[in-house]
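The values are calculated or read from the model by the stated rules, or taken from the named source; none is laboratory data. No experiment lies behind these values; they were computed from the predicted model shown. Note that we place each Cβ from the backbone using ideal geometry, even for glycine, and neighbour counts take in every protein chain shown. Please note that ligands, DNA and RNA were not included when accessible areas were found on the heavy atoms of the full protein model with its side chains. Shrake-Rupley method; radii C 1.70, N 1.55, O 1.52, S 1.80 Å.
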Amino acid sequence: MLKFSSVMLFIFSISCGPQKINKTDADIKVNRFYVSTYTNNDSKGIYEYGINSTGKLTKLGLAAEIENPSFLAKSVDQKYLLVVSETEDDSNGGGTISSFKIEKDKLTLLSTQESGGASPCFVAVDESGIVLTANYSSGTIGLLKLNKDGKLQGPLDVEKHTGQGTHARQTGPHAHSVWFVPEENLIVSVDLGTNDLWFSKIDKKTNKLIPEPNKKLAMKEASGPRHLAFHPTKKILYVLNEMAGSITRIDYDDNENFIVKESYSSLIEGADISANNSADIHISSDGRFLYASNRGPNNIGVFAITGSGDLQVVEHVSTKGDAPRNFSFSPGEKFLLVANQNSNNIISFKRNEESGKLTYADSISAPTPVCILF
């Protein structure tokens, strides 16, 4: 009987096939990302989170204690994290920028330097180690250098914007972001206060910012430009205007001529512009879809980019929170993650690569989240 039972058991196992094993959350790959936060409430600085292949979010812990880390950037080699601390005191040089070494489970502080002005709210770095900061309150752009050992040098130069717009928030310059123009020795800084895009070149021998003569683009009156995004294959950039709730398309050519084309609303038709402050903008790597966050209405506007570069509304999706300040694609762009600053939560959406549409995946608490960086 024992022999017969063993044979029967063997036959049964063949007929049923291999046993199915359910994966636990621990078995599913997790992509880690950093979240910077304002530290005027319960936050202590930069936190590390994770998202798995189903969109589930996990808090991994405090990565570094630092005051008001408002924006993050990684060095091109992914070894170092750059962080601006948004402080308003301009008496001692204003805000600061710090560099951290990225290690497996922690961030190690390497250096801290002045950012070149007050209230730094943006940082960018290129492959040569040039670091640029946008300082909101002082309306300045700072130029620093990231050395090979991960330590910062500078500020080596500071560019001061001048002028004002027509809105009550535009009584003086407010530099909000600064960008390297792809494949050009040219930078463009976005100033909400003067209502302009400013263009400069970098003299890498002297480490100086050289303003381009007569090269400044004005946005439509009272627009309040904040961030921009470059199309990955076309010579087009799109400017997100915070106060007007609009997206302005700008075409440019190999001779560095920039031409303002047209603007599109980032809001739902009929929305109250006065109740809105648009915040962030990104384009999918295939160049087919543009996304913009709108605080007030608290949604993400999804737009299809046509072959000519025009925008067509796909949908507007609630961020399930208050004040979606910054958002980011996950690696592979399967998910889009949103930082809701005032409601203290991060939302993950699954992204449909064919339609561009977003579907809610998960939510997790985060103390006053400002910036998300993978």
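Return yes or no: is residue 177 touching a Cys at 6+ places or on another chain (Cβ under 9 Å), of a type in the set (Gly, Ala, Ser) and either under 23 Å from residue 325 (Cβ atoms) or touching a residue at least 60 places away in the same chain (Cβ under 8 Å) (or both)?
Answer is yes for this residue.
What pairs can you find where one residue is in region 45-59 and free of Cβ contacts under 8 Å to residues at least 60 places away in the same chain, the other is open to solvent by less than 10 Å² (accessible area, probe 1.4 Å) and β-branched (Val, Ile, Thr), and their Cβ atoms are less than 7 Å apart, with a gap of 6+ or different chains?
45/37
Return yes or no: is residue 279 without any contact (Cβ under 8 Å) to a residue 60 or more places away in the chain and among the hydrophobic types (A, V, I, L, M, F, W, C)?
yes
Name the residue, out of 37, 54, that is surrounded by 16 or more Cβ atoms within 10 Å (Cβ to Cβ) and modelled with pLDDT of 95 or more.
37
The rows are residues; the columns are (1) without any contact (Cβ under 8 Å) to a residue 40 or more places away in the chain; (2) touching a helix residue (DSSP H, G or I) at 6+ places or on another chain (Cβ under 7 Å); (3) not in a loop (DSSP other than H, G, I, E, B).
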residue: 148; (1), (2), (3): yes, no, no
residue: 156; (1), (2), (3): no, no, yes
residue: 162; (1), (2), (3): yes, no, no
residue: 170; (1), (2), (3): no, no, no
residue: 173; (1), (2), (3): yes, no, no
residue: 184; (1), (2), (3): no, no, no
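Looking at region 59-71, which of its residues are closer than 18 Å to residue 111 by Cβ and surrounded by fewer than 20 Cβ atoms within 10 Å (Cβ to Cβ)?
Result: 65, 67.
Among the residues of region 244-284, write down those that are out of contact with any helix residue (DSSP H, G or I) (no Cβ under 8 Å at 6 or more places or on another chain), open to solvent by less than 60 Å² (accessible area, probe 1.4 Å), more than 22 Å from residue 307 (Cβ to Cβ) and in a loop (DSSP other than H, G, I, E, B).
Once the filter is applied, which keeps residues that are out of contact with any helix residue (DSSP H, G or I) (no Cβ under 8 Å at 6 or more places or on another chain), open to solvent by less than 60 Å² (accessible area, probe 1.4 Å), more than 22 Å from residue 307 (Cβ to Cβ) and in a loop (DSSP other than H, G, I, E, B), region 244-284 yields 256, 271, 276.
Any residue in region 218-232 that is more than 29 Å from residue 341 (Cα to Cα) and surrounded by fewer than 22 Cβ atoms within 10 Å (Cβ to Cβ)?
Yes, region 218-232 has at least one match.
For region 345-374, which positions are under 23 Å from residue 83 (Cα atoms), touching a Gly at 6+ places or on another chain (Cβ under 8 Å) and polar (S, T, N, Q)?
If the condition is that a residue be under 23 Å from residue 83 (Cα atoms), touching a Gly at 6+ places or on another chain (Cβ under 8 Å) and polar (S, T, N, Q), then 345 is the only one that fits.
Suppose we keep only residues that are buried (at least 16 other Cβ atoms within 10 Å of the Cβ) and β-branched (Val, Ile, Thr) within region 157-179. Which one would you say is nearest to residue 88 (Cα to Cα)?
Applying the filter and picking the extreme gives 158.
What tally of residues in region 193-234 results from selecting those that are in contact with a Pro (Cβ under 9 Å, 6 or more places away or on another chain), of a type in the set (D, E, K, R) and part of a loop (DSSP other than H, G, I, E, B)?
Qualifying residue count, region 193-234: 0.
Taking residue 138 as the residue in question, decide whether it is part of a loop (DSSP other than H, G, I, E, B) and crowded, with 22+ Cβ neighbours inside 10 Å.
yes
For residue 143, state whether it is open to solvent by less than 10 Å² (accessible area, probe 1.4 Å) and farther than 25 Å from residue 212 by Cβ.
So residue 143 does not fit the description; no.
Does residue 74 satisfy being surrounded by fewer than 22 Cβ atoms within 10 Å (Cβ to Cβ), in contact (Cβ under 8 Å) with a residue 60 or more places away in the chain and more than 19 Å from residue 39 (Cβ to Cβ)?
Yes.
Looking only at region 80-135, which residues are surrounded by fewer than 20 Cβ atoms within 10 Å (Cβ to Cβ), charged (D, E, K, R) and either in contact with a Pro (Cβ under 8 Å, 6 or more places away or on another chain) or assigned to a loop (DSSP other than H, G, I, E, B) (or both)?
Within region 80-135, 88, 89, 90, 103, 104, 105, 106, 126, 127 meet the criteria.
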